[in-house]
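Have a look at the structure below, then the notes.
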Amino acid sequence: MVSMAVIGFDTTVFPRLDYRDPDAFWRQIEAISAFFAEYESRLGTVFKNAPALMAAFEKLDPLIDSYTNRVCPYCGTVCCANKFGFPEFADVVGFIALGLEIPGYDLNVDENEVCQFIGEKGCVLPRPQRPYRCTWYFCDPLLVQLEIGPARDYRNFISDLQELSRARGEVLRSFFQVWEEKGTDRR
């Protein structure tokens with residue numbers, strides 16, 4: 001029997017950010033930032049694990065960009081909608097752990113319209129500053145291109161995506177240990 005190790009982290013342990021209520025959303029962002037500031041000395045493992053997360057994003061980014069640059073401009077259905085471009089709690093933890101600014105989300109946009117961060121050449125945000133789903137979501141046309149492309153690219157993609165999941169899981173697991181220990185409201 002082959003044992004499959006879980007390499008990610010179950011982000012459902014964190015509260016949901018409510019992008020439909022801008023005031024509540026930004027209060028939640030401020031609370032996460034305040035938690036980092038208050039418990040910075042206890043979050044050392046989070047910051048210790050952050051460089052591996054950044055390296056994983058940076059390694060994966062060129063391959064994903066090469067495929068999205070070939071496929072996305074010719075697609076009739078834009079996958080990148082505003083509702084997918086808003087972060088989850090775990091995304092904000094990652095942004096702060098990596099020392100990144102929280103993007104200036106306009107929460108008053110139509111959630112079904114093309115994402116506010118899509119420019120002429122794709123997303124204007126650096127990959128580490130995007131919600132995690134923006135990195136791991138692949139539509140059927142992109143998957144087909146990956147599958148028919150060079151086998152080495154596909155193997156590297158799978159390996160790099162697993163490393164990203166592992167590195168992110170370590171950052172989130174480290175954060176959650178302190179967050180849970182401090183009895184932070186998990187609603």
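Springs between Cα atoms under 10 Å define the GNM used for the chain, and in it the highest mean-square fluctuation of GLU88, GLU120, GLU40 occurs at GLU120. Using θ = phi - 60° in the Karplus curve 6.51 cos²θ - 1.76 cosθ + 1.60, the 3J(HN,Hα) couplings for segment 51-65 round to x, 5, 5, 4, 4, 5, 4, 5, 6, 7, 4, x, 5, 4, 4 Hz; x is entered for Gly and Pro. Protection proxy ranking, highest mean first, for peptides 137-143, 14-20, 147-153: 14-20, 137-143, 147-153, where packing is the per-residue count of other beta-carbon atoms within 10 Å, averaged.
Each part reduced to its alpha carbon centroid, segment 117-187 and segment 35-90 end up 5 Å apart. When shorter helices are ignored and each DSSP H run of at least 4 residues is given -39500 (n - 2.57), the per-residue value for the chain at 222 nm works out to -17500 deg cm²/dmol. Taking 22 Å as the limit for the C-alpha separation, the pairs LYS48/LYS182; LYS83/LYS182; LYS48/LYS83 exceed it in the case of LYS83/LYS182; LYS48/LYS83. Among residues other than GLU88 with Cβ under 10 Å from its Cβ, the summed charge is +1 (Lys and Arg +1, Asp and Glu -1).
Normalised by the number of residues in the chain, the average gap of Cα pairs under 8 Å and 6 or more apart makes the relative contact order 39 percent. The local environment of MET54, defined by Cβ-Cβ distances under 15 Å, has a net charge of -1 under the rule Lys, Arg +1 and Asp, Glu -1. Quick one, which of (1) 17.3, 51; (2) 19.8, 60; (3) 16.3, 59 is the actual Rg and Dmax of the Cα atoms in Å calculated for this model? It is the one labelled (1). Among the cysteines of the chain, those with no neighbouring cysteine Cβ under 4.7 Å are CYS72, CYS75, CYS79, CYS123, CYS134, CYS139. Neighbours of SER33 by Cβ distance under 12 Å: Lys/Arg scored +1, Asp/Glu scored -1, total -3.
FYI, it's all coordinate maths here, none of it is from the lab. None of these values were measured; they are calculated from a predicted model. Reconstructed Cβ throughout: ideal geometry from the backbone, glycine too, with neighbour counts over all protein chains shown.
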